[in-house]
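First up is the structure itself, then whatever we jot down about it.
The values are calculated or read from the model by the stated rules, or taken from the named source; none is laboratory data. Owing to the predicted nature of the structure, the values given are computational and were not obtained by experimental measurement. When we count neighbours, we look across all protein chains shown, and the Cβ atoms used for this are built from the backbone with ideal geometry, even at glycine.
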Amino acid sequence: MTRAVVTGLGVIAPSGIGADEHWKSILAGELNVRRISAFDPTRYTTTIAGQVDGFEATAHVDPRLVVQTDRWTWMSLAATQMALDDALYNPADHSPYATSVALAAGSGGNDFGQREMTGLYRRGPRAVGAYQSIAWFYAASTGQSSIRHATKGPASVLVTEGAGGLDSLGHARRVVRRGTTAVIAGGTEAPLTPYALTCYGTSGRLTTSADPRAGYKPFDKQANGYAPGEGGAVLLVEDFRTAVERGSPQIYGEIAGYAATHDAFDPNAPAPDATHMARAMSLAIADAGLTADDVDLIVADAAGVAELDALEASALRMVFGDRISAVPVTAPQGFIGRLNAGGSALSVATALLAIREGVAPAVGNLDQPDPAYGLDLVRVPRELDLAVVLVNARGFGGFNSSMVLRKIAPADIDDLAGKGFS
Amino acid sequence: MSTGRRVVVTGIGVVAPGGVGKQAFWNLLTEGRTATRRISFFDPARFRSQIAAEVDFDPLASGLTPQEIYRNDRFIQFAMIAADEAVADSGLDLRSGAGVNHDRLAISVGSAVGATMRLEDEYVNVSNHGRDWLVDPAYGSKFLYNALIPSSAATELAVRFHAHGPASVMSTGCTSGIDAVGYGAQLIQDGDADIVIAGASDAPISPISVACFDTIHATSARNDDPEHASRPFDATRDGFVMGEGGAVLVLEEYASARARGAHIYCEIGGFANRCNAFHMTGLRPDGVEMSAAIDAALGQAELDPTTVDYVNAHGSGTKQNDRHETAAVKRSLGQHAYEISMSSIKSMVGHSLGAIGSIELVACSLAIEHGVVPPTANLANRDPECDLDYVPKTARDMPVDVVVSVGSGFGGFQSAIVLAKPEVAA
C-alpha cells in the first residue's frame, strides 16, 4: 500500500516560531505559559495561557489577506508556508490537483467573530464587514491556504477539538493513499479572546492558578487543569515514493499507523474507564503492523486534569502491560499549554523532531510525578534511539486518537528502489 | 481506490423547513411548495435580506429531553432528531447498545457554522448587548464550551447511539453536507467502520449570519415576495435564501446490509471534492473544478456520464453559481447534459449552508426510491446562460437510477457524490 511520510514541518507555537525554535525551547525546558497579555484576564477562569510572542502576521501573510482573516488563519498560513519551505515543495511545480489542504479546526476565527458581533450590537447590521462570512467559519484556514498555494486536491476540515490535528494528519494519509501525492495537514488555534476564553472556562478543565508554575502540570500530583494556548503546527504529508523521487531534503518519518475512537459516554464528563482510549492506541499500533513492544516513546495527550491523566495512564497500562514502566512517556505541552486542534498537530511535529534528533524531550512543568501512574515520565531530555513513537490526542467530549510515527531507515529507500524506484 | 467494500444508504432522516420528517419533506418537494418566508426568529427590519426558510421545530415534542435542549444549540438538536429518524428507518437497534458492534459504528457530521445561534445569543448576554469587550462570564450558561466547539455535534450523536468508532465533524463550509457523507463512505470503504451515521446540520438564521451575507449581497432581497424569493436558474434570481435544517443517512457496508435484509435506498457509488483555488467567494464561469469532482466521482462509481438520470444541483440562486454549475455539468456530461433532469430543492427549502448537502442527499435517495424528481420551484424565465432542463415548478415521474449531487461553497470547495440503485452500480 502507498506509504505516507512527513517531509516538512511548520510550527507557530508559544515555544517558538519555526520548528527549530520550538525544539530548542522544549529541550531547554522553558516554561512558555504566562499571564495573558492581549487583554486583562482578571475576571476569567484562567488568567494564564501559552501565547505566541513576537508573531507579526504581516511578516508571514500578505497585508491584504491579514485584514480578511483571523489570527488563527494567520498562524495556519504562516505555518503552511514554513512546512512547504522546509520540504522544498512548491505546489506550483506540480499539477494543482496533486496537492490538498486538510487543516483541522477547533473553534474558528474567535477574535474576528467577537469584533464583528461587537460591531453588530453596538452599531447595527451595516457595521458587519464583508469578511466576516469568510473569516469566522471553520473552513477559513483550509480555504485560504488552498487559494494561497493554488491547490485543487480534495480539501477537508476535521473538527474533533484537541484530537483534530491528529485526525487531520490521519486523514492526510487517507488522501495520499487515494492518489493525491501531497497534503498540507495539521492545524492551529487562536482562542485567547475574552469571549472564547469565557467559553473555555465552562469546560471545567482549566487551571485556575494564576502562577504558571503551579498551573498546567500534566501527570503531576498537583495537576489542576490545563492552560489554554494558541498556535499549532502544519505538516506536509507526501506519498513516500514521490517524495523520494522529487528529492525531498528530508523525510521526518512515516505515518505508519492511525486510529480514532470515541468514548460515547457523556458529552461533558470523562469516560468511566480507559477502554476506548486504549483501543485507539492498540488499533493504531496494529495498523502500523507493529506491537506495543516496538514503541520507543509515547507523546501523551496529557490533559493536566488528574482524572484524565489517570485515565491515560490506565489506557497505557492496558496496551503495554507491565512494560509501560519501561517505555518513556513525554508531554512537552506542559511547557506550552493545550492548543486545542493545534496541539495534537504540534505533538506530531515534536515526535518527528525527537526521532530525528534521537532525543526525548521532557514532560513540561512536572515537579512531582504522581507515582500512582507507574509511568516512566521523561524528567530531563533523554538521548534515545527512536524508531517508533506513539502520539495520543483527546478531544473534549470523548474523542480519542492515536498515531504511530516510524523512522524511515535506509532499507526503506532500498525497498522503494526494489519496487521500481530509480 | 477500490477496496471492494461497497457503501449503501439504509436509513434516512430529515428536519427541514416545511416539516420535520422524511414524509413531510418529500410532500413539500413533490408538490413544489416553498417554505421561504419573512424571518420570524428576530425582527429583520434593519437587514437587507429579511427572508429565510425556517423550520417550525419543537425540540421537546420531537423527543429531546430538557437537558439535551439546554445543553445543545439548535443545529445539534436538528442533527439528533434527524439521526433518530434515520436510525429508526434503518431498522437497526442502536440505542439499546445491543445487536451491532458499536466499536465499528462511526459518526460523521457536517456543519458550516456550528452553534452560531447559541454563540450569538450568549454573546449578547455576556457582552451586555455588545457594550463590553471584556465580556462577563457570570452571564454565560454552563454549556458554552459545547457551543464553541462544533465537534459537540459528533459527540452528541456518538453518545446517543453508543458509537465507539471514529467520530468527527466535517466543516468545509457549504459542501460540508456532501463531504461528511463522502467521508463516512470512505470510512466504510477503508475498513475503519461498518456502519456510519452520517449527515449534516446548520441553524444559521441569526442576526450575525444574516448581516454577514447582507454585506456581500449574497442573499436575496426580494423581501416583498418571500415565497418566491429563491429562484435558482431564473433570469430574475438575486441571491440565495438562507435556510436551516439537518439530515442524516445511515451508511452500511453493502454485504452486511444485505445479510440483515435491510432496505437499501441506494448505493454511494463515488465521492470527490476539489478546490477552485481561486477565491473564497467567487467562482470562475467555466466550472472546471466542479467538473473534475463530478468526473472523479463517476469514475469511482465506474459509471459512464451517459448513465446519469438526474443531477441534484447546488442551485443556490446566486448569479454566478447557477452559471458556474451549469458549465460544470455540461463539461462533465457533454451532450448528455441536455438529456438529464437537473433541479434545485433550494428553491423550496432555502440554502441551509453545510446542512443542505445532506438534506439534498435525502431528497436524492427518495427520488431514486420513488422514481420522482423534485422540481425547481419559482423557475419562470430561465437565464439564457442556464440552458439545461431544470424541471421547472412541477415534479417529474421518471426512472431514477443514477444521481449526481453537487455542492459548491465558500473557500472554493466543489463536491460531487454519485448515488445509484445498487444493481446499477454493481
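Inspect segment A:136-149 for any residue being buried (at least 24 other Cβ atoms within 10 Å of the Cβ) and either touching a His at 6+ places or on another chain (Cβ under 9 Å) or more than 9 Å from chain B (Cβ to nearest Cβ) (or both) and give the result as yes or no. Don't jump to the end; show me each part of the working.
In the first step, residues of segment A:136-149 are kept if they are buried (at least 24 other Cβ atoms within 10 Å of the Cβ); the result is A:136-146.
Those still in the list that are either touching a His at 6+ places or on another chain (Cβ under 9 Å) or more than 9 Å from chain B (Cβ to nearest Cβ) (or both) too: A:141, A:145.
Checked segment A:136-149: at least one residue is buried (at least 24 other Cβ atoms within 10 Å of the Cβ) and either touching a His at 6+ places or on another chain (Cβ under 9 Å) or more than 9 Å from chain B (Cβ to nearest Cβ) (or both).
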- Query: Taking segment A:117-127, which residues are at the interface with chain B (Cβ under 7 Å from one of its Cβ atoms) and either among the basic types (K, R) or buried (at least 23 other Cβ atoms within 10 Å of the Cβ) (or both)?
  - Reply: A:M117, A:L120, A:R122
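For B:T236, state whether it is within 14 Å of chain A (Cβ to nearest Cβ) and either out of contact with any Pro (no Cβ under 9 Å at 6 or more places or on another chain) or of a type in the set (S, T, N, Q) (or both).
On the way: within 14 Å of chain A (Cβ to nearest Cβ): no; either out of contact with any Pro (no Cβ under 9 Å at 6 or more places or on another chain) or of a type in the set (S, T, N, Q) (or both): yes.
For B:T236, the condition - within 14 Å of chain A (Cβ to nearest Cβ) and either out of contact with any Pro (no Cβ under 9 Å at 6 or more places or on another chain) or of a type in the set (S, T, N, Q) (or both) - is not met.
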- Query: Restricting attention to segment B:264-323, and to residues there that are surrounded by fewer than 21 Cβ atoms within 10 Å (Cβ to Cβ) and in contact with a Leu (Cβ under 6 Å, 6 or more places away or on another chain), which single residue is modelled with the highest pLDDT?
  - Reply: B:P305
- Message: When you check A:A223 against the structure, is it crowded, with 23+ Cβ neighbours inside 10 Å and in contact with an Asp or Glu (Cβ under 6 Å, 6 or more places away or on another chain), yes or no?
- Response: yes
- Note on the structure: With criteria (1) at positive phi; (2) facing another protein chain (nearest Cβ under 8 Å), A:V157 comes up short on (1)
- Task: Name the residue, out of A:D111, A:D53, that is assigned by TED's automatic domain parsing to the domain that holds A:R174, free of Cβ contacts under 8 Å to residues at least 60 places away in the same chain and among the acidic types (D, E).
- Result: A:D53
- Query: Which of (1) within 7 Å of another protein chain (Cβ to nearest Cβ); (2) under 23 Å from A:G257 (Cβ atoms); (3) out of contact with any Leu (no Cβ under 7 Å at 6 or more places or on another chain); (4) surrounded by 24 or more Cβ atoms within 10 Å (Cβ to Cβ) is the odd one out, the single condition A:L166 does not satisfy?
  - Reply: (1)
- Query: Quick one: in segment A:193-214, which of the residues that are in contact with a helix residue (DSSP H, G or I) (Cβ under 8 Å, 6 or more places away or on another chain) and of a type in the set (A, V, I, L, M, F, W, C) is nearest to A:P267 (Cα to Cα)?
  - Reply: A:C199
- Query: For segment A:269-305, how many residues meet the condition of being out of contact with any Pro (no Cβ under 9 Å at 6 or more places or on another chain) and either without any contact (Cβ under 8 Å) to a residue 40 or more places away in the chain or closer than 23 Å to A:K221 by Cα (or both)?
  - Reply: 14
- Among the residues of segment A:189-211, count how many are crowded, with 22+ Cβ neighbours inside 10 Å, more than 9 Å from every other protein chain (Cβ to nearest Cβ) and out of contact with any Asp or Glu (no Cβ under 9 Å at 6 or more places or on another chain). 2
- Note on the structure: Filter segment A:76-97 for residues that are surrounded by 24 or more Cβ atoms within 10 Å (Cβ to Cβ) and polar (S, T, N, Q); the one that is nearest to A:G229 (Cα to Cα) is A:S76
- Task: Check segment A:98-115 and report whether any residue there is within 8 Å of another protein chain (Cβ to nearest Cβ), under 22 Å from A:R71 (Cβ atoms) and surrounded by fewer than 24 Cβ atoms within 10 Å (Cβ to Cβ).
- Result: yes
- Item | Matching residues, segment B:31-54, being β-branched (V, I, T) and within 14 Å of chain A (Cβ to nearest Cβ) | B:I39
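Return yes or no: is A:L235 part of a loop (DSSP other than H, G, I, E, B), of a type in the set (A, V, I, L, M, F, W, C), in contact with a Phe, Trp or Tyr (Cβ under 9 Å, 6 or more places away or on another chain) and crowded, with 22+ Cβ neighbours inside 10 Å? Write out each step before concluding.
Numbers: part of a loop (DSSP other than H, G, I, E, B): no; of a type in the set (A, V, I, L, M, F, W, C): yes; in contact with a Phe, Trp or Tyr (Cβ under 9 Å, 6 or more places away or on another chain): yes; crowded, with 22+ Cβ neighbours inside 10 Å: yes.
The answer is no for A:L235.
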- Query: Do we find a residue being within 14 Å of chain A (Cβ to nearest Cβ) and of a type in the set (S, T, Y) anywhere in segment B:261-282?
  - Reply: yes
- Query: Is there a residue being touching a strand residue (DSSP E or B) at 6+ places or on another chain (Cβ under 8 Å), within 13 Å of another protein chain (Cβ to nearest Cβ), over 22 Å from A:L352 (Cα atoms) and modelled with pLDDT of 95 or more anywhere in segment A:214-223?
  - Reply: no
- Item | Which listed residue, of A:A260, A:A233, A:A256, is of a type in the set (A, V, I, L, M) and in contact with a Pro (Cβ under 6 Å, 6 or more places away or on another chain) | A:A260
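Could you identify the single residue in A:G247, A:G257 that is in contact with a strand residue (DSSP E or B) (Cβ under 7 Å, 6 or more places away or on another chain) and either among the aromatic types (F, W, Y) or not in a helix (DSSP H, G or I) (or both)?
Values: A:G247 fails: in contact with a strand residue (DSSP E or B) (Cβ under 7 Å, 6 or more places away or on another chain).
Of A:G247, A:G257, the one residue that is in contact with a strand residue (DSSP E or B) (Cβ under 7 Å, 6 or more places away or on another chain) and either among the aromatic types (F, W, Y) or not in a helix (DSSP H, G or I) (or both) is A:G257.
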- Item | Among residues of segment B:320-346, those that are of a type outside the set (A, V, I, L, M) and either outside any helix (DSSP H, G or I) or under 17 Å from B:V14 (Cβ atoms) (or both), counted | 5
- Message: Here is a check on your reading of the model: is B:A363 in contact with a Phe, Trp or Tyr (Cβ under 7 Å, 6 or more places away or on another chain), crowded, with 24+ Cβ neighbours inside 10 Å and assigned to a helix (DSSP H, G or I)?
- Response: no
- Message: Against the conditions (1) surrounded by fewer than 18 Cβ atoms within 10 Å (Cβ to Cβ); (2) on the phi > 0 side of the Ramachandran plot, where does B:G114 fall short? Just the number, please.
- Response: (1)
- segment B:136-160 - residue that is among the charged types (D, E, K, R) and within 15 Å of B:A198 (Cα to Cα) and, of those, surrounded by the fewest Cβ atoms within 10 Å (Cβ to Cβ): B:R160
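Listed here are the residues, each with its yes/no results for (1) within 21 Å of the chain's Cα centre (by Cα); (2) β-branched (V, I, T).
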| residue | (1), (2) |
| --- | --- |
| B:V248 | yes, yes |
| B:R258 | no, no |
| B:A277 | no, no |
| B:L283 | yes, no |
| B:A292 | yes, no |
| B:P305 | no, no |
| B:H324 | yes, no |
- Query: Which of the residues spanning segment B:105-149 are closer than 17 Å to A:G395 by Cα and without any contact (Cβ under 8 Å) to a residue 40 or more places away in the chain?
  - Reply: B:L144, B:Y145, B:L148, B:I149
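For segment B:189-202, does any single residue satisfy the condition of being assigned to a loop (DSSP other than H, G, I, E, B), surrounded by 23 or more Cβ atoms within 10 Å (Cβ to Cβ) and either at positive phi or out of contact with any Lys or Arg (no Cβ under 9 Å at 6 or more places or on another chain) (or both)? Before the answer, list the steps.
The first filter runs over segment B:189-202 and keeps only residues assigned to a loop (DSSP other than H, G, I, E, B), leaving B:190-194.
Still in the list and also surrounded by 23 or more Cβ atoms within 10 Å (Cβ to Cβ): B:193.
Okay, now just the ones that are also either at positive phi or out of contact with any Lys or Arg (no Cβ under 9 Å at 6 or more places or on another chain) (or both), so none.
No, every residue in segment B:189-202 fails to be assigned to a loop (DSSP other than H, G, I, E, B), surrounded by 23 or more Cβ atoms within 10 Å (Cβ to Cβ) and either at positive phi or out of contact with any Lys or Arg (no Cβ under 9 Å at 6 or more places or on another chain) (or both).
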- Which numbered condition trips up B:L353, out of (1) in a helix (DSSP H, G or I); (2) on the phi > 0 side of the Ramachandran plot? (1)
